[in-house]
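Asker: Here's a structure for you.
Every read-out reported here was derived from the displayed coordinates using simple, explicitly stated rules and does not represent laboratory data. What you see is a predicted model, and the numbers here were worked out from it, not measured in a lab. Here the Cβ is made from the backbone with ideal geometry for all residues, glycine too, and neighbour counts use every protein chain on show.
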Amino acid sequence: MLATSTTAFLLTAFGLSIILFPPPGPEPPKNNRAAGPSVPHPTSAEAPAPEPPAAPTPTPTPTAERSRPSAPNPAPKPPPAAAVGKVFFEDRGALANWDNFGQRPLHQGVLRTVTTPRFKGQTAIEAQQTYVKSDGRGYQSETVKFSAQRVGEDRYFGQAIYLAKDWKFHPQNVALQQFSPEKPTAPWLLLFIEGDQLKVGGSGGHKGTVTSLRDLRGTWIRVVTRLKLALTGSSVEVWVNGKKLLTRSGTVLPRAANSIRWSSGIHATAWRKQPPAGPKVLSVFHAQSRIASTYELAEPANW
């Protein structure tokens, strides 16, 4: 009799019963990876999820074409520093700014504010003198700054001066500025025209020729005078149109006085005793007057 089973076959013959087992199935494939939790395999009904597309590989920029970072903008330059020092007095061209306002020129002298010529401001001061007779009195038309400087101080006096194009040069002295001691008062140091020369001189003992004015008529002439009043280390220096043209050293003191005043205008000194060697009417124009502690501040072109 032959019988079958799902797990074995039973064969009976000649009184012997033999059980036949089916042959073993194929071995499962070996897995060389380390043992770990089992991963379920998808069945035929479950399609594996598609893998995400790979990101495109960026194309490298050639080294030669790489843009370099731009250089930073340079820092802005600071504005020019203001001149260091101090201004003690200034006038652009107005009679009221001077200490002797209400001026009364001698003889037929005139002091007035004019709009032409002018330097930087809106006006200038005209100082004029007209000859009448030589009676011993001075021919002065001047504005005055009292106590302009004291002994022991160092000051710069700047001013723009104008001579008309038709100014006639002559050998008599015509003062444009005076530095005079106060208490007692007396002429001391003058800035004056003689011929076509600008000069300094007076009872103070310091004198010299500064420059020729022949080619400067009809223009504004910038003059800065430095006075350092002391027993030692003192000096007188004069600049014209930005150039230092005269230096005198030694004792620069206003006699017995402790201070000086600054007069600006015109003083026809020779007319006191002599009739004019040139025109009988003379006019000089002044503007941009300043007293300061440095040349840079006193220079009329700088303010």
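Asker: How long is the gain from Lys207 to Lys165 if the chain were fully straight, where each residue apart is worth 0.36 nm and the alpha carbon distance is subtracted? Don't jump to the answer; show the numbers that get you there.
Answerer: Numbers: separation 42, 0.36 × 42 = 15.12 nm, distance 2.71 nm.
12.4 nm is the gain from fully extending Lys207 to Lys165.
Asker: With no solvent and one point on each alpha carbon, what is the Debye value of log10 I(q)/I(0) for the stretch 87-302 at q = 0.11, 0.12 Å⁻¹?
Answerer: -0.47, -0.57
Asker: Relative contact order (percent) for the stretch 87-302, with alpha-carbon contacts under 8 angstrom and 6 or more residues of separation?
Answerer: Working: 613 pairs, mean separation 69.3, N = 216.
Averaging sequence separation for qualifying contacts and normalising by length gives 32 percent for the stretch 87-302.
Asker: Shifting gears a bit: At 0.36 nm per residue, minus the direct Cα-Cα distance, what do Arg150 and Phe101 gain on full extension? Give it in nm, one decimal, please.
Answerer: 15.4 nm
Asker: Points 7 angstrom from Cα along the Cβ direction at Ala186 and Thr232: gap in nanometres?
Answerer: For the pair Ala186/Thr232, the computed spacing is 2.7 nm.
Asker: Continuing with this model, one more query. Which semi-axis lengths, in whole Å and largest first, follow from the square roots of five times the eigenvalues of the Cα gyration tensor of the stretch 125-206? Let's see the in-between values first.
Answerer: Details: eigenvalues 112, 54, 37 Å².
Each semi-axis is the square root of five times an eigenvalue, giving 24, 16, 14 Å.
Asker: Please give the net charge around Asn173, taking every other residue with its beta carbon less than 11 angstrom from that of Asn173, where Lys and Arg add +1 and Asp and Glu add -1.
Answerer: Numbers: positive: Lys199, Arg272; negative: Glu194.
Local charge sum for Asn173: +1.
Asker: Test of the criteria: in the stretch 273-303, which trypsin sites (Lys or Arg not before Pro) are in a DSSP loop and have at most 11 other Cβ atoms within 10 angstrom of their Cβ?
Answerer: Counting only loop positions with at most 11 other Cβ atoms within 10 Å, the trypsin sites (Lys or Arg not before Pro) in the stretch 273-303 are Lys273.
Asker: A further question on this structure: Can you tally the net charge around Val151? Count Lys and Arg as +1, Asp and Glu as -1, for every other residue whose Cβ sits under 14 Å from the Cβ of Val151. If you can, show how the numbers build up before the last one.
Answerer: Working: positive: Arg150, Arg155, Lys183, Lys228, Arg255, Arg261; negative: Glu153, Asp154, Glu182.
Summing Lys/Arg as +1 and Asp/Glu as -1 gives +3.
Asker: Output the pairs from Lys133/Lys168; Lys120/Lys183; Lys168/Lys207; Lys120/Lys207 with a Cα-Cα distance over 27 Å in this structure; if there are none, say none. Walk me through the numbers on the way to the answer.
Answerer: Values: Lys133/Lys168 20 Å; Lys120/Lys183 35 Å; Lys168/Lys207 23 Å; Lys120/Lys207 31 Å.
As for pairs spanning more than 27 Å Cα to Cα, those are Lys120/Lys183; Lys120/Lys207.
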